[in-house]
1. Look at PRO171 and say whether it is crowded, with 20+ Cβ neighbours inside 10 Å and at pLDDT below 95.
2. If HIS201 satisfies every condition in (1) open to solvent by 20 Å² or more (accessible area, probe 1.4 Å); (2) over 15 Å from the mean Cα position of the chain (by Cα); (3) not aliphatic (A, V, I, L, M) but one, which is the exception?
3. Return only the number of the condition from (1) open to solvent by less than 90 Å² (accessible area, probe 1.4 Å); (2) assigned to a loop (DSSP other than H, G, I, E, B); (3) out of contact with any helix residue (DSSP H, G or I) (no Cβ under 9 Å at 6 or more places or on another chain) that ALA93 does not satisfy.
4. Being surrounded by 15 or more Cβ atoms within 10 Å (Cβ to Cβ), touching a Ser or Thr at 6+ places or on another chain (Cβ under 9 Å) and within 20 Å of THR36 (Cβ to Cβ), is that true of even one residue in region 130-144?
5. Please verify whether LEU45 is in a helix (DSSP H, G or I) and under 27 Å from LEU167 (Cα atoms), treating the condition exactly as stated.
6. Looking at LEU31, is it part of a helix (DSSP H, G or I), at pLDDT 95 or above and open to solvent by 30 Å² or more (accessible area, probe 1.4 Å)?
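The values are calculated or read from the model by the stated rules, or taken from the named source; none is laboratory data. Quick caveat, the model's predicted, so the values are computed rather than measured. Virtual Cβ from ideal backbone geometry, glycine too; neighbours counted across all protein chains shown. Quick note on the areas: whole protein, heavy atoms, side chains included, nothing else; ligands and nucleic acids left out. Shrake-Rupley method; radii C 1.70, N 1.55, O 1.52, S 1.80 Å.
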Amino acid sequence: MANQDTGKPSFLRARLARDHYLGLPLTTGILAVLCTTALFALVALHALRPGALPDLDQRIADWFHVRASSSLTTAMLAFTHLHGTIGILAMSALLALRLMRDKAWAWLLTLIVSVPGGMLFNYGLKYVFQRMRPQFEQPILILHSYSFPSGHTIGAALFYSVLAAWLTIQPAGAQRRLTIVAAAVALTALTGLSRIYLGAHFFSDVIAAMLEGWGWFAFWTTIIFTIRRHQLARMPSN
């Protein structure tokens, strides 16, 4: 009994250890994946059947549509095009060049599997859920693809997550972590807002895409950097 009692605290302490590759980073990564996945499933469950969330989606879509103006539409179109597939991949390519210059191979792999990989995964999910886009008599945009989850939003969530995470480990970014993370979240949210304003997506499409993107990012960073920490731990010390 005594050995069993002491074993449990030891296991918990190991999961919270900062200096072990199976410690706190892995624990927080797993929790992040589980939480985002559960929340995504909850949004999908309620968004794709009649109820309070689809009603809220429609009210928000209508509210933005009747308040559209030419100047704001121009700004939103510019911002949303910047965060389309070509824009996100172009920004990712620039970041990839910097990572290659710094020989940050683990971060480069994270960028590749997170951004293009996550966008492809989201494209497949659209055909799983097959939700139609908002409909208006005078639409700002006319799109014929499926709506749930938002492709632009997940692209922004993935790219800015990788960029923010990489910036926070740089000497200049270590003291500005909250600012960097807040900026990444704000840019992702603004991308989603532009899609709602333009009538391309419902509110729940955007929320689901953000959760999906953050979950996908957490999943791959947890795997890649757990392996990386394990490799470093096995290297002989000089």
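1. no
2. Tallying (1) open to solvent by 20 Å² or more (accessible area, probe 1.4 Å); (2) over 15 Å from the mean Cα position of the chain (by Cα); (3) not aliphatic (A, V, I, L, M), HIS201 fails exactly one: (1).
3. Unmet condition: (2).
4. Yes, some residue in region 130-144 is surrounded by 15 or more Cβ atoms within 10 Å (Cβ to Cβ), touching a Ser or Thr at 6+ places or on another chain (Cβ under 9 Å) and within 20 Å of THR36 (Cβ to Cβ).
5. Against the criterion (in a helix (DSSP H, G or I) and under 27 Å from LEU167 (Cα atoms)), LEU45 does not qualify.
6. Working: part of a helix (DSSP H, G or I): yes; at pLDDT 95 or above: no; open to solvent by 30 Å² or more (accessible area, probe 1.4 Å): yes.
Against the criterion (part of a helix (DSSP H, G or I), at pLDDT 95 or above and open to solvent by 30 Å² or more (accessible area, probe 1.4 Å)), LEU31 does not qualify.
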